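S.K.: One structure follows; several queries about it will come next.
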Amino acid sequence: MVRLNGFKKSCVNQSLRIYVNLQSNNAAIIAKNSDIIRSILKCLEFCGRREMAHRGHRDDDAGHSKNKGNFKELIQFRIEAGDTTPEQHFKTCSKVATYTSTSQNELLTCIKTNIHKSIVEEVKSQPVGGYYGIPCNKVSDTSNWEQLGLGLRYVVDGVPVERLLEFNLAEETTGESL
């Protein structure tokens, strides 16, 4: 009889149904996680747009280095400036959720994928038919590693556009291997 009464109540008041409660809880968790990721992505975007290095001398906080890197310092700055989203997250998250180089690289890869998709869509949407060129150039970075810069050159509304796509490690510097 108790079960029948519970069933009748859930038919009349749908907010008593289990799946409705689960859906609303899941929606709240998704919204919270989206806010956290958005806050972290703003820090990555800030560093990227200003061509700033993301990481400090050590990535693992061992030795309590004064230089924790621009990314971690920027998150700390946001917390000190009153952004409660990362503050609440870091108070409640596990100690392994520290956004080390692996986490940063995963987020940066997602950003890169989205940028590449938008560039491809821009090229495809041109009335000329999506003609493009792929310029590449070998450069040395500050640690003297040879890298190959890949770009994409195309025309948008009659104006030439050139976009850097990525840098790849050049294992050999011969013309054939590049």
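S.K.: Hand me the chymotrypsin sites (Phe, Trp or Tyr not before Pro) from the range 105-153 located in a DSSP loop with no more than 12 other Cβ atoms within 10 Å, in residue order please.
M.R.: Answer in residue order: TYR131, TRP145.
S.K.: Can you give the local net charge around THR173? Use residues other than it whose beta-carbon is closer than 13 angstrom to its beta-carbon, Lys and Arg +1, Asp and Glu -1.
M.R.: Surrounding charge for THR173 is -3.
S.K.: Give the long-range amide H neighbours of VAL161: residues separated by 5 or more places, or on another chain, with amide H under 5 Å away, using H modelled in the peptide plane at 1.01 Å from N.
M.R.: TYR154, VAL155, VAL156
S.K.: To the nearest 0.05, how large is the calculated FRET efficiency for ARG38 and ASN144 if R₀ is 35 Å and r is the Cβ-Cβ distance?
M.R.: 0.40
S.K.: Evaluate the distance, in nm, between pseudo-label points positioned 7 Å from the Cα of TYR131 and of SER94 along their respective Cα→Cβ axes.
M.R.: 5.5 nm
S.K.: Placing +1 on the Cβ of each Lys and Arg and -1 on the Cβ of each Asp and Glu in the range 129-178, which of LEU148, ALA170, GLY133 has its Cα farthest towards the positive end of the resulting dipole?
M.R.: Of the listed residues, the answer is GLY133.
S.K.: So if I place +1 on the C-beta of Lys and Arg and -1 on the C-beta of Asp and Glu, and nothing else carries charge, what would the dipole magnitude of the range 129-178 be about its Cα centre? I want it in debye, nearest 20.
M.R.: In total the dipole reaches around 220 debye.
S.K.: Can you tell me the FRET efficiency between CYS110 and ASP157 if r is taken as the Cβ-Cβ distance and R0 is 45 Å, rounded to the nearest 0.05?
M.R.: 0.95
S.K.: Which trypsin sites (Lys or Arg not before Pro) in the range 67-155 pass both tests, a DSSP loop state and at most 12 other beta-carbon atoms within 10 Å?
M.R.: Those satisfying the criteria are LYS95.
S.K.: Among the listed pairs LYS68/LYS117; LYS32/LYS124; LYS66/LYS117; LYS72/LYS124; LYS91/LYS117; LYS68/LYS91, which are separated by more than 30 Å between their Cα atoms?
M.R.: LYS68/LYS117; LYS32/LYS124; LYS66/LYS117; LYS72/LYS124; LYS91/LYS117, as the Cα separations exceed 30 Å there.
S.K.: Run the numbers for ALA81 and ALA27: contour at 0.36 nm per residue of separation, minus the present Cα-Cα distance, in nm.
M.R.: This chain segment gains 16.7 nm when fully extended.
Each value in this text was obtained by applying a stated rule to the coordinates, not by laboratory testing. Since the structure is predicted, the reported quantities are computational estimates derived from the model, not experimental observations. FYI the Cβ positions are ideal-geometry reconstructions off the backbone, even for glycines, and counts take in every protein chain you see.
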